[in-house]
1. Taking amide H atoms as placed 1.01 Å from N in the peptide plane, list the residues 5 or more away in sequence, or in a different chain, whose amide H sits under 5 Å from that of Leu56.
2. So, with +1 on the Cβ of K and R and -1 on the Cβ of D and E, and no other charges, what is the size of the charge dipole of the chain about its Cα centre, to the nearest 20 debye?
3. Once you list every other residue whose beta carbon is under 14 Å from the beta carbon of Val65, what net charge do they have if Lys and Arg are +1 and Asp and Glu are -1?
4. Just to check I understand the Karplus step: with θ = phi - 60° and J = 6.51 cos²θ - 1.76 cosθ + 1.60, what whole-Hz values come out for the range 23-34, glycine and proline as x?
5. Which one of Ala52, Ala31, Ala75 is farthest out on the positive end of the charge dipole of the chain, using unit charges on Cβ (Lys, Arg +1; Asp, Glu -1) and the Cα centre as origin?
6. Go through (i) 15.5, 46; (ii) 12.4, 35; (iii) 12.7, 42 and flag the label whose value is the computed Rg and Dmax of the Cα atoms in Å for this structure.
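No value in this document is a laboratory result; all are computed from the given coordinates. If you're wondering where the values come from, they're calculated on a predicted model, not measured in any experiment. Because the Cβ atoms are built from the backbone with ideal geometry, glycine has one as well, and the counts that use them run over all protein chains shown.
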Amino acid sequence: MLRTPTDETRLRILAWLKEPARAADGVTADAVAKRFSIPRPAAATHLRLLEATGMLRTSRAAGRVHYHRDDLRIADVARMFEKGW
């Protein structure tokens, strides 16, 4: 889910969301689409998949969904992979 041979966009999104400005405010699907030069529907799909796995959480501001990293969940997933899951 996080990495496929042809697309590491979800990993790049998670890394980008680690930047202080993004961590504080979160990002919208439009911002992800612009940053990674992908169509907005593709950006929204990546974000929804990351949210479904618990690696992102959401908030609403001005009627828009903002996505934020869930660092505790990301750490849990990383530990699972380290243990050979």
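1. Residues meeting the criterion, in which the H sits 1.01 Å from N, are Glu51, Asp70.
2. Working: 16 positive and 10 negative charges, 27 e Å.
In debye, rounded to 20, the chain gives about 120.
3. That works out to +2.
4. 4, 6, 9, x, 9, 9, 4, 4, 5, 5, 4, 5
5. The listed residue farthest towards the positive side: Ala31.
6. Matching entry in (i) 15.5, 46; (ii) 12.4, 35; (iii) 12.7, 42: (iii).
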